[in-house]
Amino acid sequence: MRISQEDLKGLIKTKLHNAGLKEDHAETAADVLVFADERGIHSHGAMRVEYYAERIAKGGINTNPDFRFEKTGPCSGVFHADGGNGHTAAKLAMDEAIKMAKESGIAIVGVRDMSHSGAISYFTHQAADANLIGLTVCQSDPMVVPFGGAEPYYGTNPIAFAAPSAEDGKFITLDMATTVQAWGKILHARSKNESIPDTWAVDKNGEPTTDPFNVNALLPISGPKGYGLMMMVDVLSGILLGLPFGNKVSSMYEDLTEYRKLGQLHIVINPEFFGSLGNFKKDISQTMDDLNQIKPAPGFSKVLYPGQNNDVVIAEYKENGIEIVDDILEYLRSDVIHNNQYDHKDPFAK
Ligand code: NAI
């Protein structure tokens, strides 16, 4: 079903507020979730509200956190999220990083003890909106085998980047999990009883599997290289901030009554400290155009710049409304807040 951006945001905000989140935190969470849906990143949009609402209602997200920003150096800081809503904490931490990078040229701000923060390009877009380059990485729950391993150690540890072009609001963007496929794609194959390519996941013996019901862990992108990127993300957003790391990162579903203590790291670079901002933005536009002009390979109609696939979706959804699965809208419009839908669920359970 199609729904307008404002209506979807309103429904999500109300549901999360009813579950117990403060109004301004619910508003930010709704903004981040709709940011994902309106770009076609449905795995991190309204689909997540049911789980967040249960976790909030069970006390697994601090609804009255003592958010505190600690400036630790001229270009560095730590945002203490106190188990609070991850979307809000990551957004406020990025606001601090932006201020610092405007002044000092670069900023590195860690977020400690947060809950899940969704599609993390939202935060790099905050930086790009302020004429800065944004890079962010965060931890997620362990469900990926290290290269050569038969049991999970790292999470799907995503990386996002955005830089502003000469056109207001138009950015070149990368936003990716470091796994071949998101867990949501395996759930989708299960729901349709379809097999999956043997490059996505492994079974309990660490053998590649094409049966979505036999998946016991996901595979990193490009073998040891993706595995190395996951390690990098975990060091920067976990070990650096003194947080649980590797397979000690809390699971999304293990105990919905406990705060998650996740970490995220924002790195912001001010192009003005490296040359002319105008030239930088002009050259970003040029590289986007260059990429669009590259001769397409057989089977492709056009080369897109990174993130352009999402820009195409935004344009279509702006015109016709955002496409949301009927069941999800039905849930959002209802008064339901589940008590035992997600708690203690094995993520790989059939
Ligand atoms: P994806 O595979 O859909 O896209 C990855 C990247 O490829 C994007 O930057 C996208 O713009 C680009 N891309 C895709 N098709 C393209 C094309 N035809 N031409 C040019 N570029 C193209 O993303 P993925 O890995 O499934 O991640 C989805 C979301 O999940 C992200 O927003 C990520 O932040 C989020 N995530 C969040 C986690 C968390 O714990 N907060 C954990 C893991 C993922």
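Listing for the model above:
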{"item": "Test for THR88: is it out of contact with any strand residue (DSSP E or B) (no Cβ under 7 Å at 6 or more places or on another chain) and under 13 Å from GLN264 (Cβ atoms)", "result": "yes"}
{"item": "Residue satisfying condition, being out of contact with any helix residue (DSSP H, G or I) (no Cβ under 9 Å at 6 or more places or on another chain) and either closer than 30 Å to ASP129 by Cα or within 16 Å of the ligand (Cβ to nearest atom) (or both), within set PRO208, PRO197, PRO220, PRO164", "result": "PRO197"}
{"item": "Yes/no for ALA217 being in contact (Cβ under 8 Å) with a residue 60 or more places away in the chain and under 19 Å from HIS44 (Cβ atoms)", "result": "no"}
{"item": "ALA89 vs. criteria touching a residue at least 24 places away in the same chain (Cβ under 8 Å) and in contact with a helix residue (DSSP H, G or I) (Cβ under 6 Å, 6 or more places away or on another chain)", "result": "no"}
{"item": "Whichever residue in segment 112-155 is surrounded by 23 or more Cβ atoms within 10 Å (Cβ to Cβ) and among the hydroxyl-bearing types (Ser, Thr, Tyr) and, among such residues, is farthest from ARG39 (Cα to Cα)", "result": "TYR154"}
{"item": "Positions within segment 106-140 being under 17 Å from THR72 (Cβ atoms) and either in a loop (DSSP other than H, G, I, E, B) or among the acidic types (Asp, Glu) (or both), in sequence order", "result": "ASP113"}
{"item": "Segment 165-183 residues that are touching a residue at least 60 places away in the same chain (Cβ under 8 Å) and over 13 Å from THR124 (Cα atoms), paired with ones that are assigned to a strand (DSSP E or B) and within 9 Å of the ligand (Cβ to nearest atom) (beta carbon under 6 Å, 6 or more apart)", "result": "none"}
{"item": "Set ALA90, ALA101, ALA53: member being modelled with pLDDT of 95 or more, assigned to a helix (DSSP H, G or I) and either over 20 Å from the mean Cα position of the chain (by Cα) or surrounded by fewer than 22 Cβ atoms within 10 Å (Cβ to Cβ) (or both)", "result": "ALA101"}
{"item": "Count of residues meeting criterion [modelled with pLDDT under 95, part of a loop (DSSP other than H, G, I, E, B) and either more than 13 Å from the ligand (Cβ to nearest atom) or in contact with a strand residue (DSSP E or B) (Cβ under 8 Å, 6 or more places away or on another chain) (or both)] in segment 167-185", "result": "1"}
{"item": "Of all residues in segment 7-45 being of a type in the set (Gly, Ala, Ser) and within 23 Å of THR257 (Cβ to Cβ), the one that is nearest to the ligand (Cβ to nearest atom)", "result": "ALA29"}
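The values are calculated or read from the model by the stated rules, or taken from the named source; none is laboratory data. Quick caveat: nothing in here was measured; it's all calculated off a predicted structure. Cβ coordinates were reconstructed from backbone atoms using ideal geometry, including for glycine residues, and neighbour counts include every protein chain displayed.
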